[in-house]
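**Student:** Mind looking over this structure? Questions follow.
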Amino acid sequence: MTMRRIKAWMTGAAIAAGFSMVGGASAHETLELTAPKPNLAAKPPMGWNSWNRFACNIDEAKVRAVADAMASTGMKDAGYQYVVIDDCWQTDRAADGTIQADPVKFPSGIKALADYVHSRGLKFGLYSDAGVKTCGGRPGSAGYEFQDARTYAAWGVDYLKYDWCYTGTRNAEAAYTIMAKALRASGRDILLSICEWGDNQPRNWAAKAGHMWRTTGDIRDSWDVSQGYSHSFLSILDRQADLWKDSGPNQWNDPDMLEVGNGGMTATEYKAHFSLWAMLAAPLIAGNDLSTMDQETHDILTNRDVIAIDQDPLGQQARKVIDEGDFEVWVRPLAGGDRAVVLFNRSLAARTMSVNWETLQMPTEMKATVKDLWSKQVTRKVKGSYSAEVPSHGVVMVRITPTV
Ligand code: GLA
């Protein structure tokens, strides 16, 4: 190849990869995002996503039923906001490249569905993938980032979950940066949920591009049985403890969506799952069928005291301060000086567990009011330490307010 031909080839390759070589800008410079990231996630996003319950078996009637339920069951009042369709809504591209919704499952089209969700006072989310195909084998957004972002904006999309299948040798930072640029140029505020499973050190770059990023492979509706790529609740939890430094307002670690109400765990285990996700300042994205959920599931998902911990304005992820195998204590500092504490019993028998003020970095003499966020019991003038009986596979979750 002559030098001129090499240059021509490089320019073509750079254009294909979405980079501009104008003015000799380096690949590094093209990763600079000039438009600021919109502040759409001062607190961890809350909503619903179709994948955990319905996988590819999703259609517009189910989405409408979920939006109705979110608005009418108290979920919306408790803070849930986004209704997100995951994979398999799309089939093909039109001749001009426009992404097409499945005409059988979404006969009214995505814009009509977004309008319906908005009419319920909620926000609407969609899924795509940085590769040539989505994980479900539908068309991905590689090479179509700007066109897809414009389509989403025209449809009224508020939230994009962006996956990482069929990406070949693509660089994750570059791929997510291109979609971030496209969304910011789309004319609409669209939250970017990064889903590359923590495979490419997202702690080093994801906060610039997106509002939240997955830290692991997929969650499974199981207490402790993982299978290949899908992880049990415990397996995911165990991978979160060291990530607290990366998280904060507008940039959240995402340990994946909730399995509460999907049937693979007991109510006690689901309470533990929900409590610990709130401690992790995780996005609370329900993954069950809201239109048919039972009272117990509803009551877990709408526990206002636990949600207030998740949504605490300080935005600090909890740390695991005690780890004695089956017995763990997690602490989350809250705005105003309160602490949220979870005593977590992974063993097969109930156990009395405690935490002392030293561990909470409070003076030993300090008195505090302790509220149990599940039983709602309030204990005043507690000094030095707090103990409680914790059920097997369960938590006691408290809010500790120092008093004088
Ligand atoms: C990946 C993601 C899941 C889900 C599926 C859809 O596995 O991690 O959350 O979006 O793809 O195919």
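**Student:** Could you give the dipole magnitude of the stretch 319-403 about its Cα centre, charging the beta-carbon of Lys and Arg +1 and that of Asp and Glu -1, in debye to the nearest 20?
**Tutor:** In debye, rounded to 20, the stretch 319-403 gives about 380.
**Student:** Residue separation times 0.36 nm, minus the C-alpha to C-alpha distance between residue 171 and residue 72: what's the value?
**Tutor:** Details: separation 99, 0.36 × 99 = 35.64 nm, distance 4.29 nm.
Full extension of this stretch gives 31.3 nm more.
**Student:** To the nearest 10 Å², what's residue 181's accessible area with a 1.4 Å probe?
**Tutor:** It works out to around 70 Å².
**Student:** Calculate I(q)/I(0) for the chain by the Debye formula, one identical point scatterer on each C-alpha and no solvent, and give its log10 at q = 0.07, 0.12, 0.13 Å⁻¹ to two decimals.
**Tutor:** Here log10 of I(q) over I(0) equals -0.35, -0.94, -1.07.
**Student:** Here's something else I'd like to know. What does the extension gain come out to for residue 201 and residue 266, with contour length at 0.36 nm per residue minus their alpha carbon separation?
**Tutor:** 20.0 nm
**Student:** Return the long-range amide H neighbours of residue 385 (sequence gap of 5 or more, or a different chain), with a cut-off of under 5 Å between placed amide H atoms.
**Tutor:** It is 357, by chain and number.
**Student:** At 1.4 Å probe size, with every protein chain present, just tell me what the per residue accessible area of the stretch 267-398 comes to in Å².
**Tutor:** 40 Å²
**Student:** Restricting to Cα pairs below 8 Å that are 6+ residues apart, what does the relative contact order work out to for the stretch 2-310? Please round to a whole percent.
**Tutor:** RCO, the stretch 2-310: 18 percent.
**Student:** For the stretch 319-403, report the translational diffusion coefficient in µm²/s to the nearest whole number, using Stokes-Einstein at 20 °C, 1.002 mPa s, and a Kirkwood Rh over Cα pairs.
**Tutor:** 167 µm²/s
**Student:** So how long is each side of the stretch 106-163 along the principal axes, counting just the alpha-carbon atoms, biggest first, in Å?
**Tutor:** Principal axes ranked by extent give 33, 21, 18 Å for the Cα atoms.
**Student:** Something else now. To the nearest Å, what is the center-to-center distance of the stretch 175-190 and the stretch 263-328, using C-alpha atoms only?
**Tutor:** When both Cα centres are located, 31 Å separates them.
**Student:** Could you give each residue of the stretch 39-49 its phi-based ³J(HN,Hα) in whole Hz, using Karplus coefficients 6.51, -1.76, 1.60 with θ = phi - 60°, and x for Gly or Pro?
**Tutor:** These are the phi-based 3J(HN,Hα) values: 7, 9, 9, 4, 10, x, x, 10, x, 9, 9 Hz.
**Student:** Right, another one. HN-Hα J couplings of the stretch 391-399 from phi, Karplus 6.51/-1.76/1.60, θ = phi - 60°, integer Hz, Gly and Pro as x?
**Tutor:** x, 4, 6, x, 10, 10, 10, 10, 10
**Student:** Accessible area of residue 305, 1.4 Å probe, to the nearest 10 Å²?
**Tutor:** 40 Å²
**Student:** Using the Karplus equation 6.51 cos²θ - 1.76 cosθ + 1.60 (θ = phi - 60°), what ³J(HN,Hα) coupling, rounded to whole Hz, does each residue of the stretch 329-343 give in order, writing x for Gly and Pro?
**Tutor:** Each residue's phi maps through the Karplus curve to give 10, 10, 10, 10, x, 10, 4, x, x, 5, 10, 9, 10, 10, 9 Hz.
**Student:** In addition: Which semi-axis lengths, in whole Å and largest first, follow from the square roots of five times the eigenvalues of the Cα gyration tensor of the stretch 231-378? Spell out each step's value before the answer.
**Tutor:** Numbers: eigenvalues 115, 63, 53 Å².
Values for the stretch 231-378, descending: 24, 18, 16 Å.
**Student:** May I pose another question? For the stretch 319-403, with all protein chains present and a 1.4 Å probe, just round the carbon and sulfur fraction of the accessible area to a whole percent.
**Tutor:** Carbon and sulfur together cover 47 percent of it.
**Student:** For the chain, what is the percent of antiparallel DSSP beta bridges, rounded to the nearest 5?
**Tutor:** 60 percent
**Student:** Work out the length of the dipole vector of the chain about its Cα centre, built from +1 on the beta-carbon of each Lys and Arg and -1 on the beta-carbon of each Asp and Glu, and round it to the nearest 20 debye.
**Tutor:** The dipole of the chain has a size of about 1000 debye.
**Student:** For 56, 88, write out the residues from largest to smallest accessible area, computed with a 1.4 angstrom probe and no ligands counted.
**Tutor:** 56, 88
**Student:** In the structure shown, do any of 111/271; 76/376; 37/105; 111/245; 111/133; 43/111 have a Cα-Cα gap over 30 Å, and if so which?
**Tutor:** Exceeds cut-off: 111/271; 37/105; 111/245.
**Student:** Using alpha-carbon pairs under 8 Å, 6+ residues apart, how would you state the relative contact order of the stretch 187-310 in percent?
**Tutor:** Averaging sequence separation for qualifying contacts and normalising by length gives 20 percent for the stretch 187-310.
**Student:** Stretched out fully, how many nm does the piece from residue 147 to residue 347 gain, at 0.36 nm a residue minus the Cα gap?
**Tutor:** 66.8 nm
**Student:** Would you grab the residues whose amide H sits under 5 Å from the one on residue 84? Only those 5+ places off in sequence or on another chain, please, with H modelled 1.01 Å from N.
**Tutor:** Result for residue 84 returns 48, 49, 50, 125.
**Student:** Follow-up question, since we're still on this one. As a test of reading the structure, rank 60, 173 by solvent-accessible area (1.4 Å probe, protein chains only), most first.
**Tutor:** Values: 60 15, 173 50 Å².
Result of the area sort, largest leading: 173, 60.
**Student:** Pairing rule first: another cysteine's C-beta must sit under 4.7 Å. Under that rule, which cysteines of the chain stay single?
**Tutor:** Isolated Cys, the chain: 195.
**Student:** Given H placed 1.01 Å from N in the peptide plane, which residues other than close sequence neighbours of residue 218 have an amide H under 5 Å from its amide H?
**Tutor:** 231
**Student:** If you don't mind, another one. In whole percent, what relative contact order does the stretch 319-403 give with Cα contacts below 8 Å and a gap of six or more residues? If you can, show how the numbers build up before the last one.
**Tutor:** Working: 192 pairs, mean separation 28.1, N = 85.
Relative contact order comes out at 33 percent.
The values are calculated or read from the model by the stated rules, or taken from the named source; none is laboratory data. On a predicted model such as this, the values are computed, not experimentally measured, just so you know. Quick reminder, even Gly has a Cβ in these numbers, built from the backbone with ideal geometry, and neighbours come from all protein chains shown. Just so you know, the surface numbers come from the protein's heavy atoms only, side chains and all, with ligands and any DNA or RNA stripped out. Shrake-Rupley method; radii C 1.70, N 1.55, O 1.52, S 1.80 Å.
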